[in-house]
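*Asks:* Structure in C-alpha cells, see below.
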Amino acid sequence: MILIFSLFLVSFTSVFSANFTVSTATFTDSQGQIAKYRIGVPDTYIAGEEARVLIYLHGNNSGTQDELLDMWYSRNQREADERNLIPITVASPGTRLDGTTRQWSEDKDPQMLDELIQSGFGGRINVQQDGVYLWGDSQGTCFINSFLLAKADVYGGGALGNCGCFNYLNNSYTPGEDFRDNYRLYILGTTGDFLYNPSVNGYRFYRWTAGLKNIRGDLSRPGDHCTAPSSAVDSALSWIIGDIDIDETPDEVHWQRISTLDSIQSLDIDS
C-alpha cells in the first residue's frame, strides 16, 4: 500500500527563539486528516542526523489550531530544551459537536500522528524511532493511550500521561517484547481529578495486563483536574527519557489474564 503525504506551509514566518528555528505547518495524512503543528529545530541540529523529539498533545481546549499552538508550544520548548530534545506541539484535527472545542479521535488520529512522525515533520528532521517521547494533558493523554494500543510496537521512547483518561483498555492487547521490556510510561494524576480513576486503571492495565517493565505512577497527590505541580511534570519527563531514576510504587494487581496462570480449577468473585 502506498501512503501519500501532503504538507502545506501556512502563512507563518519562522522566528528565532534562543537557539531554535520555530515553524508552523499543516499536514494532511492519507485519510484526509489535517493537523497543524509547531516545531522548533535547534541551530545545532545537523541535517540528516537522528533526533529525539518531545511531542506535546493538548486536552479539550477551545480555540483554533493556531490558538492552541500559541497556548502550548512555548512550554513544550522549555522542557525540550532542558533535555536536548526537539519540541513539537500538535493541534488536533477535529473538534467536538460545538465546533470550537478541539479533541482527538481515537480511531483516526493514531494513524495521523504516525504518518506525521514518519514524514520527519515535513522533512525537517530525521526522527530517531526509539527516541519519540509523548506528553499529553487531559484528553491528550486519552489519545496517547489510543496511540500506544495502535502504534506502540513501531516506536521506542516513552510517554507521560498527565491528568487524563485510559478509557479504551483492550484486555486482549499483547505488546511486542521490545515495547514491554523497554518502553517507559509515566502516569500522573491527582486524587480530586474527575479522571483520577481512569488514570489508576490505566496504570494497572499497562503494568499488569500489558506487562510493561518500565512504568511509574504518581497517583496520590491531592488536587483537581490537571493541577499537579510543575515539579512533578519535570520529574516525570526526566524519567521517561532516562535522565533520572524513580523507584516503582507497589500497586495491587488490577486484573490478570487467565492464560498467564499455570493452573486454574475455579474462580471466586468477592464483594
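The values are calculated or read from the model by the stated rules, or taken from the named source; none is laboratory data. None of these values were measured; they are calculated from a predicted model. Reconstructed Cβ throughout: ideal geometry from the backbone, glycine too, with neighbour counts over all protein chains shown. Note: accessible area is taken over every heavy atom of the protein model, side chains too, but ligands, DNA and RNA are not part of it. Shrake-Rupley method; radii C 1.70, N 1.55, O 1.52, S 1.80 Å.
*Asks:* Helix 230-240 versus the longest principal axis of the chain: what is the Cα-based angle in degrees, 0 to 90, to the nearest 10?
*Replies:* 80
*Asks:* Cross-link partners among lysines for K108, C-alpha distance below 18 Å, same-chain residues fewer than 8 apart left out?
*Replies:* Straight-distance partners of K108: K36, K151.
*Asks:* Restricting the count to DSSP beta bridges whose residues both fall in the chain, what percent are antiparallel, rounded to a multiple of 5?
*Replies:* Counting only bridges with both partners in the chain, antiparallel ones make up about 45 percent.
*Asks:* Sorted by average packing, counted as other Cβ atoms within 10 angstrom per residue and highest first, what order do 93-104, 219-230 take?
*Replies:* Descending mean neighbour count gives 93-104, 219-230.
*Asks:* Please list, in chain and number order, the residues 5+ apart from A159 or on another chain whose amide H is under 5 Å from its amide H, with Hs placed from the backbone.
*Replies:* Close amide H contacts, sequence-distant or interchain: L134, R184, L185, Y186.
*Asks:* Report, in degrees rounded to the nearest 10, the 0 to 90 angle that the Cα long axis of helix 139-151 makes with the longest principal axis of the chain.
*Replies:* Around 80 degrees separate the two axes.
*Asks:* Next question, about the same structure. Can you give me the accessible area per residue for the stretch 75-194, using a 1.4 Å probe, in Å²?
*Replies:* I get 37 Å² per residue for the stretch 75-194.
*Asks:* Also, I was wondering about something else. Classify the stretch 47-128 from the C-alpha gyration tensor, please: rounded if a/c falls under 1.5, else prolate or oblate depending on whether a/b exceeds b/c.
*Replies:* It is oblate, given that a/c is not under 1.5 and a/b is not larger than b/c.
*Asks:* Related question: To test your reading of the geometry: what angle, between 0 and 90 degrees and rounded to tens, separates the Cα axis of helix 65-82 from the longest principal axis of the chain?
*Replies:* Taking the Cα atoms of the chain, the angle to 65-82 is about 80 degrees.
*Asks:* What label, among [x] 66, 46, 41; [y] 53, 39, 35; [z] 66, 42, 35, belongs to Cα extents along the principal axes in Å computed from the structure on display?
*Replies:* Correct label, based on the coordinates given: [x].
*Asks:* Rounded to a whole number, what % of the accessible area of the chain do carbon and sulfur atoms account for, probe 1.4 Å?
*Replies:* On the chain, the fraction of accessible area on carbon and sulfur atoms equals 47 percent.
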